[in-house]
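Q: The structure is given below, and queries will be raised subsequently.
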Amino acid sequence: MPKILKTQGICLGSQRLRESSKIVTFYTEHHGKLSFIGKGARNPSSKFGSALEIFGLAELIFYKTERKQVYTLSDAFLIDSFSTLKMPDKYLYAHQIVELVFRATSLEDPNHKLYLLLHNALKILDSNHSAKSKNYQSLLSAYYLKVISILGFKPELRHCVVCKNPKGAYFSIERGGMVCSSDKHQTTDRTYGIQYINTIKYLLNTPLSKSLQFSPSQLTLKLAQDYAKYHLENVQINSLQFDPDNK
Ligand SMILES: [Zn+2]
């Protein structure tokens with residue numbers, strides 16, 4: 001018997017489907033990533049209104065029969081559009097926030113911590129506080145590191161990953177954490193100095209909103225992104241063509 005389900009979710013992106021419909025992907029509170037057909041969603045008078053636009057938080061109602069790749073959406077109501085995220089200065093950051101979850105998760109694999117982090121990251125980026133500080137890169141770096149940790153690849157920062165010496169001197173992406181001076185030769189990738197270990201520790205151990213007070217160099221963002229790319233190796237598959245302006 002099909003069940004009617006209701007859940008909140010954040011829109012990760014959409015694809016056009018024929019003339020008037022679209023396939024839209026949400027990361028939902030109770031079911032993880034789900035894709036839906038929004039029939040007629042591209043019509044200006046669609047019942048979905050703006051509930052199926054990228055970055056938005058919406059309540060979704062759908063029938064669930066057997067496990068499917070794509071469900072048909074019965075109804076959707078916008079809860080929060082996080083409207084400033086479509087402004088040019090924030091768009092790229094907001095896009096990277098949703099894209100990481102899109103790429104790093106499988107369909108119907110719920111993770112409540114990840115849902116809360118995604119929601120929180122968009123809310124913070126949308127806030128006046130973020131617009132004032134403009135430290136979007138710090139927010140994104142902290143977000144990347146927290147997502148990686150939630151997905152089980154938390155960098156080892158307590159001791160050297162090779163010999164467990166608590167005096168780490170370098171950070172290695174390939175080794176997944178700190179290495180001491182004597183074990184540096186065991187890494188083949190580029191290593192980062194002690195200041196990066198301190199930055200990563202700070203960003204991982206403080207609430208996401210506090211990351212706005214911190215202005216790490218662009219290299220920390222690159223480090224966090226390279227770490228995500230290296231350890232979340234399936235991130236490139238099953239990717240949708242993002243089309244945020246798709247109505
Ligand atoms: Zn060591």
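The values are calculated or read from the model by the stated rules, or taken from the named source; none is laboratory data. As the structure is a computational prediction, the values presented were derived from the model and not from experiment. So basically every Cβ, Gly included, is an ideal-geometry build from the backbone, and we count neighbours across all protein chains shown. To get the accessible areas, we keep the full protein, side chains included, count just its heavy atoms, and leave off ligands, DNA and RNA. Shrake-Rupley method; radii C 1.70, N 1.55, O 1.52, S 1.80 Å.
Q: Which ones in segment 68-104 are of a type in the set (D, E, K, R) and within 19 Å of Ile124 (Cβ to Cβ)?
A: Asp80, Lys86, Asp89, Lys90, Glu99, listed by residue number.
Q: Please verify whether Pro110 is in contact with a His (Cβ under 9 Å, 6 or more places away or on another chain), more than 16 Å from the ligand (Cβ to nearest atom) and open to solvent by 20 Å² or more (accessible area, probe 1.4 Å), treating the condition exactly as stated.
A: yes
Q: Hey, another quick one. Can you tell me how many residues within segment 36-69 are surrounded by 20 or more Cβ atoms within 10 Å (Cβ to Cβ) and outside any loop (DSSP other than H, G, I, E, B)?
A: 6
Q: Return the residue satisfying two criteria in turn: it lies in segment 146-160 and is assigned to a loop (DSSP other than H, G, I, E, B) and in contact with a Pro (Cβ under 9 Å, 6 or more places away or on another chain), and of such residues it is nearest to the ligand (Cβ to nearest atom).
A: Here the answer is Cys160.
Q: Cβ contacts < 8 Å: first residue on the phi < 0 side of the Ramachandran plot and open to solvent by 60 Å² or more (accessible area, probe 1.4 Å), restricted to segment 168-185; second residue within 10 Å of the ligand (Cβ to nearest atom) and aliphatic (A, V, I, L, M), any location; separation 6+ or different chain. Result?
A: Pairs found: Tyr170/Met178; Tyr170/Val179; Arg175/Val161; Arg175/Val162; Ser181/Ala169; Lys184/Ala169.
Q: Of the residues Tyr143, Tyr115, Tyr170, which is touching a Phe, Trp or Tyr at 6+ places or on another chain (Cβ under 7 Å), among the aromatic types (Phe, Trp, Tyr) and away from the ligand (no atom under 16 Å from the Cβ)?
A: Tyr115
Q: Scan segment 176-186 residue by residue and report those that are part of a loop (DSSP other than H, G, I, E, B), within 11 Å of the ligand (Cβ to nearest atom) and closer than 9 Å to Pro155 by Cα.
A: none
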